[in-house]
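**Student:** Here's a structure for you.
The values are calculated or read from the model by the stated rules, or taken from the named source; none is laboratory data. All values reported here derive from a predicted model rather than from experimental measurement. Don't worry about glycine lacking a Cβ; one is built from the backbone with ideal geometry, like all the others, and counts go over all protein chains shown. All accessible areas refer to the heavy atoms of the entire protein, side chains included, with ligands and DNA or RNA removed. Shrake-Rupley method; radii C 1.70, N 1.55, O 1.52, S 1.80 Å.
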Amino acid sequence: MFDLTGRTALVTGAGQNIGTGIARSLADAGARVLVNDVVPDRADEVAASLGGDAKPVPFDVTDREAVAAAIDAAGPVDVLVNNAGNGGTEAMLPGRFVDTVPDQWQGPLDVNLHGVLHCCHAVLPGMVERGHGRIITISSAAGTHGVGLGFAPYSVGKGGSLSLMRSLALEHGRDGITANSVALGIMDSVRAETARALAGTVPVGRLGSPDDVGPLCAYLASDEAAWITGQTIGLNGGSFTS
Ligand SMILES: NC(=O)c1ccc[n+]([C@@H]2O[C@H](COP(=O)([O-])OP(=O)(O)OC[C@H]3O[C@@H](n4cnc5c(N)ncnc54)[C@H](O)[C@@H]3O)[C@@H](O)[C@H]2O)c1
């Protein structure tokens, strides 16, 4: 079950935390993993740690031409996991939308939305030609439900990218391509004091870890998941029920 032998999987932002966990699960299931990160050393280290035929493919997902060139050079991609995402080039600074200035909106949209558009656009022609593909986008409860902590532009990026998955599912269902989103709740990579404060609010009693995310991605990447597409799966320890 969930045998990805013979598949090549590109995981963006796989140089640490959640992306590394996803890369490891896909490699464990037999996939050849292309480890992307904007920080080349991180991509190198993770690819080396995975061993086998894993390969670092550093590029910035916000740079459309770099994405197209790197994916062209990498060869066929069967599975794309859009994991790279954050608050943009600035740190994730909480603040009400009304108090932001427009210059603060671009960064979160660039990486969380345009980065996903770029990567999908680059892999889709090959997937269509081969009649098979799996696209998984790591979204957030910030995109499905919003969070009252003041990250509206990030929420917009996350919501936009999961909306793209729905459209791709409809446009490419007959091409053997599925497109789904995983909307994460609060993960253990937040700062230690925040983790301590928030863990008790999660119904299952702990924050999420990369080990919770990787196996779901391995399933969504598998042949067994051929009939699940256009979905947004909440992975959050019960924090956000739909
Ligand atoms: N940590 C959480 O609590 C949480 C909650 C919900 C959703 N998410 C989402 O999960 C994903 C992974 O989160 P994480 O906590 O592991 O993040 P992280 O910041 O720890 O790691 C992200 C990795 O992506 C790389 N990266 C950043 N910008 C990039 C770019 N433009 N091109 C290529 N690589 C880039 C970084 O160098 C880093 O190695 C993100 O999409 C994030 O929005 C995280």
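**Student:** Looking at Val182, is it within 16 Å of the ligand (Cβ to nearest atom), part of a helix (DSSP H, G or I) and at pLDDT 95 or above?
**Tutor:** no
**Student:** Now for a different question. Give the number of residues within region 24-40 that are surrounded by 22 or more Cβ atoms within 10 Å (Cβ to Cβ), small (Gly, Ala, Ser) and without any contact (Cβ under 8 Å) to a residue 60 or more places away in the chain.
**Tutor:** Count: 1.
**Student:** Within the group Leu117, Leu109, which residue is in contact with a Gly (Cβ under 7 Å, 6 or more places away or on another chain) and at pLDDT 95 or above?
**Tutor:** Leu109
**Student:** Scan region 194-221 residue by residue and report those that are assigned to a loop (DSSP other than H, G, I, E, B) and surrounded by 19 or more Cβ atoms within 10 Å (Cβ to Cβ).
**Tutor:** Result: Leu207, single match.
**Student:** Can you tell me which residues in region 1-23 are part of a strand (DSSP E or B) and open to solvent by less than 10 Å² (accessible area, probe 1.4 Å)?
**Tutor:** Ala9, Leu10, Val11
**Student:** At pLDDT 95 or above and in contact with a helix residue (DSSP H, G or I) (Cβ under 7 Å, 6 or more places away or on another chain): does that describe Gly131?
**Tutor:** yes
**Student:** Under 7 Å by Cβ, and 6 or more places apart or on different chains, what pairs join a residue from region 96-108 that is of a type in the set (Phe, Trp, Tyr) with one that is open to solvent by less than 90 Å² (accessible area, probe 1.4 Å)?
**Tutor:** Note: pairs meeting the criteria are Phe97/Ala152; Trp105/Pro153.
**Student:** Just checking, does region 144-152 include any residue being under 25 Å from Ala14 (Cβ atoms), open to solvent by 30 Å² or more (accessible area, probe 1.4 Å), modelled with pLDDT of 95 or more and not charged (D, E, K, R)?
**Tutor:** Yes, that holds for at least one residue.
**Student:** Now for a separate question. Can you name every residue in region 140-171 that is basic (Lys, Arg) and within 17 Å of Gly87 (Cα to Cα)?
**Tutor:** Lys158
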